[in-house]
Amino acid sequence: MTMTERITSGQRDQIVEFATARTRRVVDAFDLDKEQAQLVIFNGHEFGQIVGDAVRIALARLSVSQQFADEEVESSWGYPDEYTGPALIGEQAAKLAAIFGLSLGETMRFVEQALPMLTLPDGAEGWFAIPKVEAIAARHFKSVTNLHERYVRAVLLMFEKIKQSRTFYNYRDGEITSDRLHQCARTMAMLELIGETQKGDILIVPAQFGLRHRGRSVRRGGVVYTKSEFGLGSLATGSMTLTHPTRFVRWDQLHVDCAGDEFAPEADGGSSRASYWYFRDGRLRFDSCRVGLADPSCGSASAFLPPGVTP
(Lines give C-alpha, C1' and ligand atoms only; values in the text may rest on other atoms or scores of the structure.)
Protein backbone atom coordinates (compact mmCIF):
# COMPACT_ATOMS: atom_id res chain seq x y z
CA MET A 1 0.00 0.00 0.00
CA THR A 2 1.45 3.38 -1.00
CA MET A 3 2.08 6.05 1.59
CA THR A 4 -0.37 8.97 1.56
CA GLU A 5 1.44 12.16 0.55
CA ARG A 6 1.11 15.01 3.03
CA ILE A 7 -0.17 18.46 2.07
CA THR A 8 2.52 20.62 0.48
CA SER A 9 3.44 24.09 1.75
CA GLY A 10 2.13 25.54 -1.52
CA GLN A 11 -1.26 23.86 -1.09
CA ARG A 12 -1.48 25.06 2.50
CA ASP A 13 -0.68 28.65 1.45
CA GLN A 14 -3.36 28.54 -1.26
CA ILE A 15 -6.02 27.36 1.18
CA VAL A 16 -5.03 29.99 3.74
CA GLU A 17 -5.12 32.68 1.04
CA PHE A 18 -8.68 31.67 0.04
CA ALA A 19 -9.79 32.10 3.66
CA THR A 20 -7.86 35.36 4.14
CA ALA A 21 -9.18 36.96 0.94
CA ARG A 22 -12.77 36.01 1.78
CA THR A 23 -12.40 37.35 5.34
CA ARG A 24 -11.13 40.70 3.99
CA ARG A 25 -14.12 40.99 1.64
CA VAL A 26 -16.59 40.14 4.41
CA VAL A 27 -15.03 42.70 6.79
CA ASP A 28 -15.10 45.39 4.08
CA ALA A 29 -18.71 44.64 3.17
CA PHE A 30 -19.80 44.68 6.83
CA ASP A 31 -18.91 48.38 7.05
CA LEU A 32 -17.92 48.47 10.71
CA ASP A 33 -17.34 51.79 12.42
CA LYS A 34 -14.30 52.38 14.66
CA GLU A 35 -16.12 51.50 17.87
CA GLN A 36 -17.54 48.27 16.45
CA ALA A 37 -14.16 47.28 15.03
CA GLN A 38 -12.53 47.88 18.40
CA LEU A 39 -15.12 45.62 20.08
CA VAL A 40 -14.27 42.82 17.62
CA ILE A 41 -10.57 43.31 18.37
CA PHE A 42 -11.30 43.25 22.11
CA ASN A 43 -13.09 39.92 21.56
CA GLY A 44 -10.40 38.69 19.20
CA HIS A 45 -9.99 35.32 20.88
CA GLU A 46 -13.68 34.50 20.47
CA PHE A 47 -13.62 35.87 16.91
CA GLY A 48 -10.73 33.54 16.10
CA GLN A 49 -12.58 30.56 17.57
CA ILE A 50 -15.70 31.27 15.51
CA VAL A 51 -13.68 31.69 12.29
CA GLY A 52 -11.67 28.56 13.11
CA ASP A 53 -14.83 26.51 13.61
CA ALA A 54 -16.15 27.69 10.23
CA VAL A 55 -12.85 26.77 8.56
CA ARG A 56 -12.94 23.28 10.12
CA ILE A 57 -16.50 22.71 8.89
CA ALA A 58 -15.53 23.87 5.39
CA LEU A 59 -12.42 21.67 5.29
CA ALA A 60 -14.37 18.63 6.49
CA ARG A 61 -17.04 19.08 3.81
CA LEU A 62 -14.93 20.20 0.85
CA SER A 63 -12.05 17.74 1.33
CA VAL A 64 -14.44 14.81 0.71
CA SER A 65 -14.84 13.51 -2.83
CA GLN A 66 -18.13 14.33 -4.55
CA GLN A 67 -17.93 11.13 -6.60
CA PHE A 68 -21.24 9.21 -6.38
CA ALA A 69 -22.67 12.05 -4.25
CA ASP A 70 -26.12 11.33 -5.69
CA GLU A 71 -25.96 7.84 -4.15
CA GLU A 72 -26.72 9.04 -0.65
CA VAL A 73 -30.16 9.38 0.94
CA GLU A 74 -31.46 10.52 4.32
CA SER A 75 -31.82 7.68 6.80
CA SER A 76 -33.24 7.35 10.29
CA TRP A 77 -32.72 3.58 10.51
CA GLY A 78 -30.66 2.52 13.51
CA TYR A 79 -29.61 -0.38 15.68
CA PRO A 80 -32.21 -2.41 17.57
CA ASP A 81 -32.66 -1.59 21.25
CA GLU A 82 -31.42 -5.07 22.17
CA TYR A 83 -27.99 -4.24 20.75
CA THR A 84 -26.15 -2.06 23.25
CA GLY A 85 -22.79 -1.84 21.49
CA PRO A 86 -19.63 -3.92 21.31
CA ALA A 87 -19.29 -6.69 23.89
CA LEU A 88 -16.20 -6.86 26.11
CA ILE A 89 -13.33 -7.48 23.73
CA GLY A 90 -11.92 -10.40 25.71
CA GLU A 91 -15.31 -12.11 25.57
CA GLN A 92 -15.53 -11.56 21.82
CA ALA A 93 -12.09 -13.06 21.24
CA ALA A 94 -12.77 -16.04 23.51
CA LYS A 95 -16.05 -16.77 21.73
CA LEU A 96 -14.44 -16.71 18.28
CA ALA A 97 -11.55 -18.86 19.49
CA ALA A 98 -14.03 -21.47 20.74
CA ILE A 99 -16.16 -21.32 17.58
CA PHE A 100 -13.29 -21.62 15.10
CA GLY A 101 -10.80 -23.56 17.21
CA LEU A 102 -8.24 -20.74 17.27
CA SER A 103 -5.50 -19.81 19.73
CA LEU A 104 -6.13 -17.02 22.23
CA GLY A 105 -2.61 -16.52 23.61
CA GLU A 106 -1.16 -13.71 21.49
CA THR A 107 -4.52 -12.02 21.08
CA MET A 108 -5.15 -11.81 24.83
CA ARG A 109 -1.62 -10.49 25.41
CA PHE A 110 -2.45 -7.67 23.00
CA VAL A 111 -5.80 -7.06 24.73
CA GLU A 112 -4.27 -6.94 28.19
CA GLN A 113 -1.00 -5.12 27.46
CA ALA A 114 -1.35 -2.95 24.34
CA LEU A 115 -5.06 -2.20 23.97
CA PRO A 116 -5.44 -0.16 27.20
CA MET A 117 -2.90 2.32 25.80
CA LEU A 118 -4.82 2.90 22.54
CA THR A 119 -7.41 5.60 21.89
CA LEU A 120 -10.46 4.71 19.83
CA PRO A 121 -10.30 6.51 16.43
CA ASP A 122 -13.01 8.98 15.48
CA GLY A 123 -15.85 7.17 13.71
CA ALA A 124 -15.34 3.84 15.46
CA GLU A 125 -18.01 2.54 17.84
CA GLY A 126 -15.67 0.27 19.75
CA TRP A 127 -13.23 -2.61 19.48
CA PHE A 128 -14.27 -5.75 17.62
CA ALA A 129 -12.61 -9.17 17.29
CA ILE A 130 -12.12 -10.53 13.77
CA PRO A 131 -10.46 -13.88 12.97
CA LYS A 132 -7.54 -13.98 10.55
CA VAL A 133 -8.28 -15.88 7.35
CA GLU A 134 -4.89 -17.59 7.51
CA ALA A 135 -5.53 -18.73 11.07
CA ILE A 136 -8.85 -20.32 10.10
CA ALA A 137 -7.20 -21.90 7.06
CA ALA A 138 -4.36 -23.36 9.15
CA ARG A 139 -6.90 -24.97 11.45
CA HIS A 140 -9.51 -26.19 8.95
CA PHE A 141 -8.13 -26.35 5.36
CA LYS A 142 -4.35 -26.14 5.54
CA SER A 143 -3.79 -27.52 2.03
CA VAL A 144 -5.60 -24.56 0.40
CA THR A 145 -3.04 -21.93 -0.60
CA ASN A 146 -4.95 -19.69 -3.03
CA LEU A 147 -5.85 -16.45 -1.22
CA HIS A 148 -9.32 -16.11 -2.76
CA GLU A 149 -10.16 -19.76 -2.16
CA ARG A 150 -9.04 -19.54 1.47
CA TYR A 151 -11.26 -16.52 2.01
CA VAL A 152 -14.28 -18.24 0.46
CA ARG A 153 -13.70 -21.36 2.55
CA ALA A 154 -13.52 -19.23 5.69
CA VAL A 155 -16.77 -17.45 4.79
CA LEU A 156 -18.56 -20.76 4.16
CA LEU A 157 -17.31 -22.11 7.49
CA MET A 158 -18.58 -18.96 9.19
CA PHE A 159 -22.01 -19.57 7.57
CA GLU A 160 -22.06 -23.06 9.09
CA LYS A 161 -21.29 -21.64 12.52
CA ILE A 162 -24.11 -19.12 12.19
CA LYS A 163 -26.53 -21.88 11.13
CA GLN A 164 -25.67 -23.74 14.32
CA SER A 165 -26.55 -20.69 16.44
CA ARG A 166 -29.69 -19.30 14.80
CA THR A 167 -32.13 -19.54 11.88
CA PHE A 168 -30.23 -18.43 8.79
CA TYR A 169 -30.79 -18.38 5.03
CA ASN A 170 -28.16 -17.73 2.36
CA TYR A 171 -29.73 -16.44 -0.86
CA ARG A 172 -26.36 -16.87 -2.59
CA ASP A 173 -26.01 -20.54 -1.74
CA GLY A 174 -23.82 -22.17 -4.40
CA GLU A 175 -22.51 -18.79 -5.57
CA ILE A 176 -19.96 -18.22 -2.80
CA THR A 177 -17.00 -19.26 -4.93
CA SER A 178 -13.52 -17.87 -5.43
CA ASP A 179 -14.38 -16.53 -8.89
CA ARG A 180 -17.34 -14.57 -7.52
CA LEU A 181 -16.50 -13.42 -3.99
CA HIS A 182 -13.22 -11.93 -2.81
CA GLN A 183 -11.91 -9.23 -0.53
CA CYS A 184 -11.26 -5.70 -1.79
CA ALA A 185 -7.59 -4.88 -2.28
CA ARG A 186 -7.79 -1.99 0.22
CA THR A 187 -9.32 -4.21 2.89
CA MET A 188 -6.72 -6.94 2.38
CA ALA A 189 -3.88 -4.41 2.59
CA MET A 190 -5.24 -2.74 5.75
CA LEU A 191 -5.81 -6.07 7.53
CA GLU A 192 -2.29 -7.10 6.60
CA LEU A 193 -0.92 -3.91 8.15
CA ILE A 194 -2.82 -4.58 11.36
CA GLY A 195 -1.64 -8.19 11.33
CA GLU A 196 1.98 -7.02 11.29
CA THR A 197 1.49 -5.56 14.79
CA GLN A 198 -0.92 -8.22 16.11
CA LYS A 199 0.50 -11.73 15.84
CA GLY A 200 -2.47 -13.63 17.24
CA ASP A 201 -5.09 -15.69 15.38
CA ILE A 202 -7.68 -12.98 16.04
CA LEU A 203 -7.33 -9.29 15.18
CA ILE A 204 -8.65 -6.56 17.46
CA VAL A 205 -9.84 -3.64 15.34
CA PRO A 206 -11.71 -0.38 15.93
CA ALA A 207 -14.87 -0.59 13.85
CA GLN A 208 -18.49 0.44 13.36
CA PHE A 209 -21.48 -1.76 12.51
CA GLY A 210 -23.04 0.30 9.70
CA LEU A 211 -24.50 3.44 11.28
CA ARG A 212 -21.71 5.72 10.07
CA HIS A 213 -22.55 5.06 6.40
CA ARG A 214 -26.31 4.49 6.56
CA GLY A 215 -28.15 5.67 3.48
CA ARG A 216 -24.99 5.59 1.35
CA SER A 217 -24.34 3.19 -1.47
CA VAL A 218 -21.37 0.88 -0.98
CA ARG A 219 -19.27 2.78 -3.49
CA ARG A 220 -20.27 6.20 -2.07
CA GLY A 221 -19.19 5.01 1.36
CA GLY A 222 -15.88 3.92 -0.11
CA VAL A 223 -14.98 7.35 -1.49
CA VAL A 224 -15.69 9.15 1.80
CA TYR A 225 -13.62 6.84 4.00
CA THR A 226 -10.97 8.52 6.09
CA LYS A 227 -7.35 7.69 5.27
CA SER A 228 -7.27 4.95 7.90
CA GLU A 229 -10.76 3.53 7.21
CA PHE A 230 -11.65 0.45 5.16
CA GLY A 231 -14.68 -1.69 4.45
CA LEU A 232 -15.39 -4.94 6.27
CA GLY A 233 -16.33 -8.04 4.32
CA SER A 234 -18.55 -11.06 4.82
CA LEU A 235 -16.17 -12.91 7.14
CA ALA A 236 -15.58 -9.93 9.43
CA THR A 237 -19.24 -8.86 9.64
CA GLY A 238 -20.37 -12.46 10.02
CA SER A 239 -17.94 -12.96 12.88
CA MET A 240 -19.15 -9.73 14.48
CA THR A 241 -22.68 -11.10 14.17
CA LEU A 242 -21.64 -14.32 15.89
CA THR A 243 -20.29 -12.36 18.85
CA HIS A 244 -23.24 -9.92 18.84
CA PRO A 245 -26.41 -11.92 18.15
CA THR A 246 -28.68 -9.03 19.21
CA ARG A 247 -27.41 -6.88 16.32
CA PHE A 248 -29.90 -8.57 13.97
CA VAL A 249 -33.28 -9.24 15.56
CA ARG A 250 -35.97 -7.55 13.42
CA TRP A 251 -36.75 -6.05 10.04
CA ASP A 252 -37.06 -2.39 11.06
CA GLN A 253 -33.40 -1.99 11.99
CA LEU A 254 -30.31 -0.97 10.06
CA HIS A 255 -29.00 -3.77 7.82
CA VAL A 256 -25.33 -4.15 6.93
CA ASP A 257 -23.49 -3.92 3.62
CA CYS A 258 -20.21 -5.85 3.40
CA ALA A 259 -18.16 -3.10 1.79
CA GLY A 260 -14.90 -5.02 2.20
CA ASP A 261 -15.98 -7.60 -0.37
CA GLU A 262 -16.52 -7.56 -4.11
CA PHE A 263 -19.16 -9.88 -5.52
CA ALA A 264 -19.45 -10.79 -9.21
CA PRO A 265 -22.68 -12.80 -9.68
CA GLU A 266 -21.73 -13.83 -13.21
CA ALA A 267 -18.16 -14.81 -12.27
CA ASP A 268 -16.98 -12.46 -15.01
CA GLY A 269 -14.34 -10.57 -13.07
CA GLY A 270 -16.63 -7.60 -12.44
CA SER A 271 -17.68 -6.28 -9.06
CA SER A 272 -21.14 -4.86 -9.67
CA ARG A 273 -22.54 -6.10 -6.37
CA ALA A 274 -21.66 -6.38 -2.69
CA SER A 275 -22.91 -8.87 -0.12
CA TYR A 276 -25.08 -7.77 2.78
CA TRP A 277 -26.84 -9.02 5.92
CA TYR A 278 -30.43 -8.36 6.90
CA PHE A 279 -33.16 -9.78 9.13
CA ARG A 280 -36.69 -10.61 8.04
CA ASP A 281 -39.53 -12.89 9.19
CA GLY A 282 -37.55 -14.24 12.13
CA ARG A 283 -34.50 -15.16 10.08
CA LEU A 284 -31.02 -13.72 9.50
CA ARG A 285 -30.39 -13.54 5.76
CA PHE A 286 -27.41 -13.08 3.47
CA ASP A 287 -27.70 -11.73 -0.07
CA SER A 288 -26.09 -9.26 -2.47
CA CYS A 289 -27.01 -5.77 -3.68
CA ARG A 290 -25.84 -3.32 -6.33
CA VAL A 291 -22.82 -1.27 -5.23
CA GLY A 292 -24.58 1.87 -6.50
CA LEU A 293 -27.79 1.35 -4.52
CA ALA A 294 -28.47 4.00 -1.87
CA ASP A 295 -30.90 2.43 0.60
CA PRO A 296 -31.95 4.16 3.84
CA SER A 297 -32.24 0.77 5.54
CA CYS A 298 -28.60 -0.19 4.91
CA GLY A 299 -25.15 1.01 5.92
CA SER A 300 -21.64 -0.26 5.26
CA ALA A 301 -19.63 -1.72 8.11
CA SER A 302 -16.09 -0.39 8.30
CA ALA A 303 -12.96 -0.55 10.43
CA PHE A 304 -10.00 1.73 11.05
CA LEU A 305 -6.29 1.26 11.48
CA PRO A 306 -5.51 1.32 15.21
CA PRO A 307 -3.37 4.21 16.50
CA GLY A 308 0.25 3.66 15.57
CA VAL A 309 -0.52 1.71 12.39
CA THR A 310 -0.16 3.86 9.26
CA PRO A 311 -0.95 3.14 5.59
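The values are calculated or read from the model by the stated rules, or taken from the named source; none is laboratory data. Source: prediction; values computed, not measured. Because the Cβ atoms are built from the backbone with ideal geometry, glycine has one as well, and the counts that use them run over all protein chains shown.
Some observations on this one:
- Test: residue in region 47-68 that is in contact with a Lys or Arg (Cβ under 7 Å, 6 or more places away or on another chain) and assigned to a loop (DSSP other than H, G, I, E, B): yes
- Members of region 58-73 that are within 19 Å of the chain's Cα centre (by Cα) and either hydrophobic (A, V, I, L, M, F, W, C) or modelled with pLDDT of 90 or more (or both): Ala60, Val64, Phe68, Ala69, Glu71, Glu72, Val73
- Pairs, first more than 30 Å from Trp77 (Cα to Cα) and of a type in the set (A, V, I, L, M) in region 195-213, second assigned to a loop (DSSP other than H, G, I, E, B) and at pLDDT 95 or above, C-beta under 9 Å, six or more apart: Ile202/Leu102; Ile202/Ser103; Ile202/Leu104; Ile202/Lys132
- Where Leu254 falls short, out of the listed (1) surrounded by fewer than 21 Cβ atoms within 10 Å (Cβ to Cβ); (2) among the hydrophobic types (A, V, I, L, M, F, W, C); (3) touching a Gly at 6+ places or on another chain (Cβ under 6 Å): (1)
- Filtering region 107-159 to residues that are within 28 Å of Gly299 (Cα to Cα) and of a type in the set (Asp, Glu) leaves Asp122, Glu125, Glu134, Glu149.
- Identity of the residue in region 273-311, out of contact with any strand residue (DSSP E or B) (no Cβ under 6 Å at 6 or more places or on another chain) and of a type in the set (A, V, I, L, M), that ends up nearest to Met190 (Cα to Cα): Leu305
- Checking Glu106, Glu149 one by one, the residue that is surrounded by fewer than 18 Cβ atoms within 10 Å (Cβ to Cβ), without any contact (Cβ under 8 Å) to a residue 40 or more places away in the chain, in the same structural domain as Gly233 (by TED's automatic domain parsing) and part of a helix (DSSP H, G or I) is Glu149 and no other.
- The residue that is modelled with the lowest pLDDT, among those in region 265-311 that are surrounded by fewer than 20 Cβ atoms within 10 Å (Cβ to Cβ) and basic (Lys, Arg), is Arg290.
Table: residues versus (1) crowded, with 19+ Cβ neighbours inside 10 Å; (2) within 17 Å of Tyr276 (Cα to Cα); (3) not assigned by TED's automatic domain parsing to the domain that holds Glu112.
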| position | (1), (2), (3) |
| --- | --- |
| Ala138 | no, no, no |
| Phe141 | no, no, no |
| Thr145 | no, no, no |
| Asp173 | no, yes, no |
| Ile204 | yes, no, no |
| Ser228 | yes, no, no |
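- Set Ile162, Ile99, Ile130: member being more than 20 Å from the chain's Cα centre (by Cα), closer than 24 Å to Val218 by Cβ and touching a residue at least 40 places away in the same chain (Cβ under 8 Å): Ile162
- In summary, strands (runs of 3 or more DSSP E) completely within region 177-262 and bearing 3 or more residues that are modelled with pLDDT of 95 or more occur at 202-208, 229-231, 255-257.
- Region 70-90, residues that are within 19 Å of Ala303 (Cβ to Cβ), of a type outside the set (Gly, Ala, Ser) and touching a residue at least 24 places away in the same chain (Cβ under 8 Å): Tyr79, Tyr83, Pro86, Ile89
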